[in-house]
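J.: The structure that follows is given in the form of structure tokens.
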Amino acid sequence: MFSYLIRRLISAVVLLLIVSAVTFGIFFLLPKLAGQTTDQLAQQYIGKAPTPADIAAVKKNLGLDKPVFEQYWDFLKGIFAGVDYKFGPEAAKCHVPCFGYSFKTHIEVWPEIQNRLPVTLSLAAGAAVLWVVSGVATGVLSALRPGSFFDRMAMTVALAGVSLPMFFTGALALALFTYQWPVFERSDYVPLLQDPFLWARTLVLPWVTLAFLYSALYARLTRAGMLETLSEDYIRTARAKGLRERTVVVRHGLRAALTPIITVFGMDLGLLLGGALITEQVFSLKGVGAFAVEAINANDLPNILGVTLLAAFFIVICNLVVDVLYAAVDPRVRLS
């Protein structure tokens, strides 16, 4: 098990380096390959109508006139050692970890992301608990009674959940439960440590709406996996030995059907931690997703690059956790 974890950790580090290199290339190499000059690239980091001196200062600070490999190495060093940007007599410090420095707002990217991250973490964590519990439970019950009224109703609701887009269900939930029937008042995000009750109250509607979308997919995946697993010979053997139905379903059936669910869960959670753009926009939550939308609208490339790297980091880490869970669920994976 220890050697398996070491291999997966090394793979995760290598993958993070590859992802960072690809992300850096998208923002700094592809524009040049498309014919964009260094001056045009530098102009995107400052406001409108920049002077030649402003463009020259940005080119020098970002090293845009250097070879791409040297620029990437400076970018990696900045993450772990910080960067100093000089504007004539003025100087700006981008502290560790330096995910970039916005030359439009003159604010470091990482502190801005840190301020938004608790909102996104709260939204993703609460919704994940709801959709995993409800989706897996619904899928198991449907698989145990295939063709029943519950099964058909559950799969119909799951089909609706998968088909309806988030901007529709979110707007509908707000219209019904906030404006038509004021069950959940619309208010700003309240930190968990400040008031746990208000924290949960402000996020209940986004949690349920987001979980409805994902739990539908998990219910269908669990049902399909359970139906396939319950038809295996070892399940019939377990029942023939006189094991309790609960033991057969949970320890033998569900455990074997969890593998694809764990895979999908790692990807979904990683993407959400990088910013639930539509959900945060619909419910006016100032999370990482809303920060990314603001950066895109303002064409603030350092902020966009920082959010992209953060999302990639979360996806890689969640996949690492998925690999560890694989080994716990199926010991045969440790030999791979």
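J.: Looking at region 292-300, can you tell me whether even one residue there is outside any helix (DSSP H, G or I) and buried (at least 20 other Cβ atoms within 10 Å of the Cβ)?
T.: To start, the set of residues in region 292-300 that are outside any helix (DSSP H, G or I) comprises 299-300.
Those still in the list that are buried (at least 20 other Cβ atoms within 10 Å of the Cβ) too: 300.
Yes: region 292-300 contains one or more residues that are outside any helix (DSSP H, G or I) and buried (at least 20 other Cβ atoms within 10 Å of the Cβ).
J.: Can you confirm whether GLN71 is farther than 21 Å from ALA295 by Cα, in contact (Cβ under 8 Å) with a residue 40 or more places away in the chain and either within 28 Å of the chain's Cα centre (by Cα) or assigned by TED's automatic domain parsing to the domain that holds ALA311 (or both)?
T.: Details: farther than 21 Å from ALA295 by Cα: yes; in contact (Cβ under 8 Å) with a residue 40 or more places away in the chain: yes; either within 28 Å of the chain's Cα centre (by Cα) or assigned by TED's automatic domain parsing to the domain that holds ALA311 (or both): yes.
Yes; evaluated as a whole, the condition is true for this residue.
J.: Can you tell me which residue is nearest to ALA211 (Cα to Cα) among those in region 142-155 that are over 29 Å from the mean Cα position of the chain (by Cα) and among the aliphatic types (A, V, I, L, M)?
T.: MET153
J.: Can you spot a residue in region 33-40 that is of a type in the set (A, V, I, L, M) and not assigned by TED's automatic domain parsing to the domain that holds ILE296? Give the derivation first.
T.: Restricting attention to region 33-40, the residues satisfying the condition of being of a type in the set (A, V, I, L, M) are 33-34.
Checking which are not assigned by TED's automatic domain parsing to the domain that holds ILE296 leaves us with 33-34.
Checking region 33-40: at least one residue is of a type in the set (A, V, I, L, M) and not assigned by TED's automatic domain parsing to the domain that holds ILE296.
J.: Now a separate question. Of all residues in region 240-270, count the ones that are within 13 Å of LEU144 (Cβ to Cβ) and surrounded by 12 or more Cβ atoms within 10 Å (Cβ to Cβ). Walk me through how you get there before you give the answer.
T.: Of all residues in region 240-270, those within 13 Å of LEU144 (Cβ to Cβ) come to 245-246, 248-250, 253-254, 257.
Next cut, surrounded by 12 or more Cβ atoms within 10 Å (Cβ to Cβ) only: 248-250, 253-254, 257.
Residues meeting the conditions: 6.
J.: For LYS104, state whether it is in contact with a Gly (Cβ under 7 Å, 6 or more places away or on another chain), touching a residue at least 12 places away in the same chain (Cβ under 8 Å) and farther than 30 Å from MET267 by Cβ.
T.: For LYS104, the condition - in contact with a Gly (Cβ under 7 Å, 6 or more places away or on another chain), touching a residue at least 12 places away in the same chain (Cβ under 8 Å) and farther than 30 Å from MET267 by Cβ - is met.
J.: With in contact (Cβ under 8 Å) with a residue 24 or more places away in the chain and charged (D, E, K, R) as the only criterion, which of ASP233, ASP268 stands out?
T.: On the way: ASP233 fails: in contact (Cβ under 8 Å) with a residue 24 or more places away in the chain.
None of the other options fit; the residue is ASP268.
J.: Can you confirm whether LEU325 is surrounded by 18 or more Cβ atoms within 10 Å (Cβ to Cβ) and modelled with pLDDT under 85?
T.: Working: surrounded by 18 or more Cβ atoms within 10 Å (Cβ to Cβ): no; modelled with pLDDT under 85: yes.
So LEU325 fails the test.
J.: While we're on this one: Show the residue pairs meeting these rules: Cβ distance below 6 Å; 6+ apart or different chains; first residue within region 46-57 and part of a helix (DSSP H, G or I); second residue modelled with pLDDT of 75 or more and among the hydrophobic types (A, V, I, L, M, F, W, C).
T.: ILE55/ALA42
J.: Look through region 271-291, keep the residues that are out of contact with any Lys or Arg (no Cβ under 7 Å at 6 or more places or on another chain) and among the β-branched types (Val, Ile, Thr), and return whichever of them is surrounded by the most Cβ atoms within 10 Å (Cβ to Cβ).
T.: THR279
J.: Can you pull out the residues in region 163-175 that are exposed (fewer than 15 other Cβ atoms within 10 Å of the Cβ) and assigned to a helix (DSSP H, G or I)?
T.: Correct list: SER163, PHE167, PHE168, ALA171, LEU172, ALA175.
J.: Let me ask something additional. Looking at region 186-199, which of its residues are part of a helix (DSSP H, G or I) and without any contact (Cβ under 8 Å) to a residue 24 or more places away in the chain? I'd like the intermediate steps shown before the answer.
T.: Our first condition is that a residue be part of a helix (DSSP H, G or I); within region 186-199, this holds for 196-199.
Result: PRO196, PHE197, LEU198.
J.: I'm checking my understanding of the structure. Among residues of region 286-332 that are without any contact (Cβ under 8 Å) to a residue 24 or more places away in the chain and within 26 Å of LEU5 (Cα to Cα), which one is nearest to the chain's Cα centre (by Cα)? Explain how you work it out, then say what you get.
T.: Just the residues of region 286-332 that are without any contact (Cβ under 8 Å) to a residue 24 or more places away in the chain, to begin with: 292-297, 328, 331-332.
Within this subset, residues satisfying the condition of being within 26 Å of LEU5 (Cα to Cα) are 328, 331-332.
Details: ALA328: 23, PRO331: 28, ARG332: 29 Å.
Within region 286-332, the match that is nearest to the chain's Cα centre (by Cα) is ALA328.
J.: Return the only residue of THR209, THR178 being of a type in the set (S, T, N, Q), out of contact with any Lys or Arg (no Cβ under 7 Å at 6 or more places or on another chain) and either part of a helix (DSSP H, G or I) or modelled with pLDDT of 85 or more (or both).
T.: Working: THR178 fails: out of contact with any Lys or Arg (no Cβ under 7 Å at 6 or more places or on another chain).
So the residue among THR209, THR178 that is of a type in the set (S, T, N, Q), out of contact with any Lys or Arg (no Cβ under 7 Å at 6 or more places or on another chain) and either part of a helix (DSSP H, G or I) or modelled with pLDDT of 85 or more (or both) is THR209.
J.: Looking at SER3, SER11 in this structure, which one is loosely packed, with under 12 Cβ neighbours inside 10 Å and in a helix (DSSP H, G or I)? Break it down into steps so the answer makes sense when it comes.
T.: On the way: SER11 fails: loosely packed, with under 12 Cβ neighbours inside 10 Å.
The conditions single out SER3.
J.: Another question, if that's okay. Scan region 145-154 and give yes if some residue there is part of a helix (DSSP H, G or I) and under 11 Å from THR222 (Cβ atoms), otherwise no. Even if it seems obvious, please write down each step before you answer.
T.: Taking region 145-154 first, the residues part of a helix (DSSP H, G or I) are 149-154.
Next, from what is left, pick out any that are under 11 Å from THR222 (Cβ atoms): 154.
Taking every residue of region 145-154 in turn, at least one turns out to be part of a helix (DSSP H, G or I) and under 11 Å from THR222 (Cβ atoms).
The values are calculated or read from the model by the stated rules, or taken from the named source; none is laboratory data. Remember, it's a predicted structure, so these values are computed and weren't measured experimentally. Virtual Cβ from ideal backbone geometry, glycine too; neighbours counted across all protein chains shown.
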